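Peer 1: Attaching a single structure in structure tokens format; questions to follow.
Please treat every number below as a calculation from the coordinates, not as lab data. This is a predicted model, so every value here is computed, not measured. Every residue, glycine as well, gets a Cβ built from its backbone with ideal geometry; the counts of neighbours run over all protein chains shown.
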Amino acid sequence: MLLLRTRAVPALVGCLALAACSSWSVDPPPPAYAVRSATVIADQALPPVSPALVAAVNDRVNAAIAATSFSPQLPQVAITVRLSDVRKARGFNRDRSSAKINIDAAAADGGSVVAMASFEIRTVAPDPVTADELMAEDIAARVRSIFSLNTPRLAN
């Protein structure tokens with residue numbers, strides 16, 4: 001019994017030390033913004049980005065903005081989502097698509113850029129007809145995640 005106590009005490013001290021150290025590595029939360037509007041544009045590229053993709057991303061992001069209520073204390077911004085280097089029908093089965101996305105958040109009162117984000121997405125769409133819709137939903141989901149927007153309700 002004495003042997004169990006001598007092993008349990010250092011183990012308990014070690015667990016408490018690890019628990020105390022875990023709170024040191026907490027990152028501060030990222031800044032939050034009240035997104036009031038979004039504009040989706042595409043870079044001039046060859047081949048050109050399909051207008052259906054731009055319209056689908058624009059509709060999804062603006063629907064998410066409309067579904068989100070913000071605190072009045074948050075700074076108001078307007079975001080510009082820029083689609084660049086969009087590549088479709090790649091790979092052996094021609095079912096892979098990718099895009100690079102850059103987002104600028106400009107202050108609503110002054111127009112200065114207060115935040116920027118960029119990311120890449122990759123989608124697999126066996127049906128080429130649905131490639132734009134899948135890519136648009138992936139892009140909109142990342143934008144919703146970055147700016148803490150709500151997912152809009154599905155229409156009846």
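Peer 1: Please order LEU12, LEU134 by the number of other Cβ within 10 Å, starting at the fewest. Don't jump to the answer; show the numbers that get you there.
Peer 2: On the way: LEU12 10, LEU134 16.
By the 10 Å Cβ count, ascending: LEU12, LEU134.
Peer 1: Give the relative contact order (percent, whole number) for the stretch 52-106; include only Cα pairs under 8 Å separated by 6+ residues.
Peer 2: Result for the stretch 52-106 is 30 percent.
Peer 1: Which listed residue (VAL57, LEU16, ALA67) has the Cα farthest towards the positive end of the charge dipole for the chain, taking +1 on Lys and Arg C-beta and -1 on Asp and Glu C-beta about the Cα centre?
Peer 2: Among VAL57, LEU16, ALA67, the one farthest towards the positive end of the dipole of the chain is LEU16.
Peer 1: Taking the Cα centre of the stretch 74-155 as the origin and placing charges on Cβ (Lys, Arg +1; Asp, Glu -1), which of ALA105, ILE146, ALA131 is farthest toward the positive end of the dipole?
Peer 2: Positive-most Cα among the choices belongs to ALA131.
Peer 1: Note the angle between two axes, namely the Cα long axis of helix 2-22 and the longest principal axis of the Cα atoms of the chain, as a number of degrees from 0 to 90, rounded to the nearest 10.
Peer 2: It is inclined by approximately 30 degrees.
Peer 1: Let me ask you something else. Select from PRO51, PRO29, PRO126 the residue whose mean-square fluctuation is largest in a Gaussian network model of the chain (Cα-Cα springs shorter than 10 Å).
Peer 2: Greatest mean-square fluctuation among the candidates belongs to PRO29.
Peer 1: Could you identify which residue out of ALA19, ALA106, ALA56 has the top mean-square fluctuation in a GNM of the chain using Cα springs shorter than 10 Å?
Peer 2: Maximum fluctuation in the GNM of the chain, among the listed residues, is at ALA19.
Peer 1: Do you know the relative contact order of the chain, to the nearest whole percent, from alpha carbon pairs under 8 angstrom that are 6+ apart?
Peer 2: On the way: 226 pairs, mean separation 34.8, N = 156.
Computed value for the chain: 22 percent relative contact order.
Peer 1: What is the helix-to-structure angle for 51-66, meaning the angle in degrees between its Cα long axis and the longest Cα principal axis of the chain, kept from 0 to 90 and rounded to the nearest 10?
Peer 2: The helix 51-66 is inclined about 50 degrees to the chain.
Peer 1: Compute a Gaussian network model of the chain, connecting alpha carbons closer than 10 Å, and tell me which residue from ALA45, ALA140, ALA66 fluctuates the most.
Peer 2: In the Gaussian network model the winner is ALA45.
Peer 1: When all alpha-carbon pairs of the chain are counted, what percent fall beyond 21 Å?
Peer 2: Numbers: 6897 of 12090 pairs.
Every Cα pair in the chain considered, those over 21 Å come to 57 percent.
Peer 1: Just how large is the dipole of the chain about the Cα centre, in debye to the nearest 20, putting +1 at every Lys and Arg Cβ and -1 at every Asp and Glu Cβ? Working shown, then result.
Peer 2: Details: 15 positive and 13 negative charges, 109 e Å.
Using Cβ point charges on Lys, Arg, Asp and Glu, the chain gives about 520 debye.
Peer 1: Moving to a separate point now. So what is the calculated 222 nm ellipticity per residue for the chain, using -39500 (n - 2.57) for each DSSP H run with n of 4 or more, over all residues, to the nearest 500 deg cm²/dmol?
Peer 2: For the chain, the value works out to -11500 deg cm²/dmol.
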